[in-house]
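The values are calculated or read from the model by the stated rules, or taken from the named source; none is laboratory data. Quantities reported herein were computed from a predicted structural model and do not represent experimental measurements. Quick note on the areas: whole protein, heavy atoms, side chains included, nothing else; ligands and nucleic acids left out. Shrake-Rupley method; radii C 1.70, N 1.55, O 1.52, S 1.80 Å.
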Amino acid sequence: MAPTLLLVRTSLGYIDDPLGSELRVHWPEFTAQELRHAAEAAGFQIDEIATREAYDEIPIRRIYLSAMRR
């Protein structure tokens, strides 16, 4: 099976759409540990999980999770 990569924003609340639409979007906050637990409970084996601090373009931290279905 092909690996799966999950990218998650780690800030909480309603924000203006970073893609420029007129909508406000809700992006919930998850910790790396919560994502690891959810992926493992869904039958994935975690290859790697990393957190990237915010860059200037969109000031949010991100979590990268790479996993394969068991």
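Ignoring ligands, DNA and RNA, what accessible area per residue does region 19-70 give at 1.4 Å, in Å²? Don't skip to the end; give the middle numbers.
Details: 3860 Å² over 52 residues.
Dividing the accessible area of region 19-70 by its residue count gives 74 Å².
HN-Hα J couplings of region 27-37 from phi, Karplus 6.51/-1.76/1.60, θ = phi - 60°, integer Hz, Gly and Pro as x?
Result, rounded to whole Hz: 10, x, 8, 10, 8, 4, 5, 5, 5, 4, 4.
List the residues, sorted by chain then number, that are 5 or more residues from F44 or on another chain and whose placed amide H is less than 5 Å from its amide H.
Sorted by chain and number, the residues that satisfy this are R70.
Enumerate the amide H contacts of E29 below 5 Å, restricted to partners 5 or more residues apart or on another chain; note that Pro and chain-start residues carry no placed amide H.
Amide H to amide H, under 5 Å and 5 or more residues apart or across chains, E29 pairs with G13.
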